[in-house]
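What follows is a single structure, written as structure tokens, with notes after it.
The values are calculated or read from the model by the stated rules, or taken from the named source; none is laboratory data. Values in this document were obtained by computation on a predicted structure and should not be read as measured data. We place every Cβ from the backbone using ideal geometry, glycine too, and count neighbours over all the protein chains shown. Just so you know, the surface numbers come from the protein's heavy atoms only, side chains and all, with ligands and any DNA or RNA stripped out. Shrake-Rupley method; radii C 1.70, N 1.55, O 1.52, S 1.80 Å.
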Amino acid sequence: MNITIVGIGYVGLSLAVLLAQEHDVKAFDIDQSKVDAVNNRISPISDAEIEEYMSTKQLNLQATTDGTVAYTDAEFIVIAVPTNYDPTLNYFDTSILDATITDITNINPDATMIIKSTIPVGYTESARKRFNTDNIIFSPEFLREGRALYDNLYPSRIIIGEQSERAELFGKMLLSVALKDDVPVLYTGSTEAEAVKLFANTFLALRVSFFNELDTYAELRGLDTAQIIEGVCHDPRIGSTYNNPSFGYGGYCLPKDTKQLFANFNDVPSNLIGAIVDANRTRKDHISEQILAMNPNIVGIFRLTMKAGSDNFRQSSIQGVMKRLKAKGVEVVVYEPALDEDHFYRSKVVRDKDEFFATCDVIVANRFSPELEPVRHKVYTRDIFERD
């Protein structure tokens, strides 16, 4: 089939690579550098499986910055563009998504649009009315940055927000290229599918926040965090995922999805959802206070990335800690190989690792790295298990 993927981020690119094994896929993006990379079979993002498939598999994949070329003749158009949370409006900013749907309906109104962007509950239903089309379907993604293609090859479940032949066809397309057997496929209402996405991510944020608060308690009481977590998590009803303490949940999805879900609760009785949002702020306050208690003159931020194995530092929790330290007048320097700039939010970027180690009184690391072993005595981290 002719399929177009809009957006060459980790969601869009992983789907493009996945589907291009069996279908003719065009990947559309306004970033020429990403388009050039894909056409040269180089992954513009850090993802081991995407890099492997792009270099070793026969893929029917072509990238373009031309919307007309991308949309014309496409039977399915998968939209994976950003929808950032607007704190002023307390709502996702869907302007890029809206503009994309407008362009598609003008160029190829018969195409079935599959939205993979995260959206507010009720968006699909309202969009069908606003754009006067029934060709919009929401299908949530459940992908980890850095392992997005892996999660498409071995999906926990596939959810498509429509009960129809075309929805089943799209579901079969995803199943046919998955390597996992017996993948659950759910065909739901559009609004229910939207709710699944936000509630799933908010539950993950809840787990992160729970184990972070457990760690805060243990740290302040002088207890062994690892012993407590291991004892708790051997209960099979609780399990051992998302249990390694951090500076807070971060990245592209969890901060904005929790806030959006909380906004959707504005007229619904609740306590828990808002507490999850508040807990993340409290955790970063606590981490900052612990670092300030060491009375450092210069604090080094070791990597800005949101987690191990990712090259993304959008909304990473360590940036929240960094801003709090700077607000208290502490000098902060940054070591981040992924940065080309000499300064990051008016903090000096130190490129030489040995200089960075020597300069800092305290080195703050959300995730410990073997690179830090020589200066472990300077490192402040809550990475108890040194993983994920």
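Some values worked out for this structure:
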| read-out | value |
| --- | --- |
| Selection count where residues are open to solvent by less than 30 Å² (accessible area, probe 1.4 Å) and in a helix (DSSP H, G or I), scope the range 158-206 | 16 |
| Failed item in (1) under 21 Å from the mean Cα position of the chain (by Cα); (2) open to solvent by less than 30 Å² (accessible area, probe 1.4 Å); (3) more than 18 Å from Glu49 (Cα to Cα), with Thr124 passing the rest | (1) |
| Some residue of the range 305-315 being closer than 26 Å to Ile50 by Cα and in contact with a Leu (Cβ under 6 Å, 6 or more places away or on another chain) | yes |
| Candidates Pro155, Pro140 - the one that is open to solvent by less than 20 Å² (accessible area, probe 1.4 Å) and over 15 Å from Val78 (Cα atoms) | Pro155 |
| Count of residues meeting criterion [under 21 Å from Ser246 (Cα atoms) and of a type in the set (Phe, Trp, Tyr)] in the range 314-362 | 1 |
| Top-ranked residue in the range 354-372 [being of a type outside the set (Phe, Trp, Tyr) and more than 25 Å from Gly250 (Cα to Cα); ranked as most open to solvent (accessible area, probe 1.4 Å)] | Asp354 |
| Subset of the range 369-388 (residues that are among the hydrophobic types (A, V, I, L, M, F, W, C) and over 16 Å from Asn212 (Cβ atoms)) | Leu372, Val375, Val379 |
| Close pairs from the range 38-65: first without any contact (Cβ under 8 Å) to a residue 40 or more places away in the chain, partner open to solvent by 90 Å² or more (accessible area, probe 1.4 Å) and assigned to a strand (DSSP E or B), Cβ under 7 Å, at least 6 apart | Asn39/Gln62 |
| Neighbours by Cβ (under 6 Å, 6+ apart or cross-chain): first from the range 242-271, on the phi < 0 side of the Ramachandran plot and among the hydrophobic types (A, V, I, L, M, F, W, C); second surrounded by fewer than 23 Cβ atoms within 10 Å (Cβ to Cβ) and part of a loop (DSSP other than H, G, I, E, B) | Ala263/Asn90 |
